[in-house]
């Protein structure tokens, strides 16, 4: 990848991909608060790259792929931090976490088998789920688990993963930046 040819939105998305090991170091060191601040800081680049892409017409397939990879890495990093900092809660609620992670994995496998790469839908529901997940994880890193927020994150993540699976099954060719299943159905009807 030629860094000189990346636009600003792509550079922010790339930053998320290359910065996640920094958070892993602080998880390893057991520093909850630094992990929380860094998680918020680094994840904010997700909003920045999306905003730049839309405002300055910098949308690209490369940015969508970097953004998706960054989302995956930060979700995995967040889950690892949640496990390290709240091991007992994590273990006690594994029966709720495994279906969420399993559905995300199923969708990933479907997209890889269908197109040879992860999906880059970035639906409204996915954005909402990512926001709730980040709020939950940052709360965990700062204060510990807040049960209602945990259930909200699990619930919306399940619905998001199911929507992505349905979209992957319905689509005949890969598309990026789909608002969601209702909008996809409206397009098909036209």
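Taken together, the values in this text are just the output of simple stated rules run on the coordinates, not laboratory data. Quick caveat: nothing in here was measured; it's all calculated off a predicted structure. Using ideal geometry, Cβ is built from the backbone for each residue, glycine included, and neighbour counts are taken over all protein chains shown.
Here are some notes:
- Principal-axis analysis of the Cα atoms of the chain puts helix 61-85 at an angle of about 20° to the longest axis.
- Cβ-derived FRET efficiency at R0 45 Å, residue 173 paired with residue 34, nearest 0.05: 0.55
- For the stretch 113-135 versus the stretch 167-181, the gap between their alpha-carbon centres in whole angstrom: 11 Å
- Peptides 116-124, 140-148 ranked from most to least packed, by the mean per-residue count of other Cβ atoms within 10 Å: 116-124, 140-148.
- Relative to the globular-protein estimate of 2.2 N^0.38 Å, the Cα radius of gyration of the stretch 3-189 stands at 1.03.
- Under the shape rule built on the C-alpha gyration tensor, where the axes satisfy a ≥ b ≥ c, the stretch 57-167 is prolate, since a/c reaches at least 1.5 and a/b is greater than b/c.
- Using alpha-carbon coordinates, inclination of helix 8-29 to the longest axis of the chain, degrees: 20 degrees
- Calculated [θ] (222 nm, deg cm²/dmol) that DSSP helices of n ≥ 4 give over the chain, each run adding -39,500 (n - 2.57): -27500 deg cm²/dmol
- Angle between the chain longest axis and helix 32-55 axis [Cα atoms, degrees, rounded to 10]: 10 degrees
- Rounded to 0.05, the FRET efficiency of the residue 88 and residue 22 pair, given R0 = 25 Å and the Cβ-Cβ distance, is 0.40.
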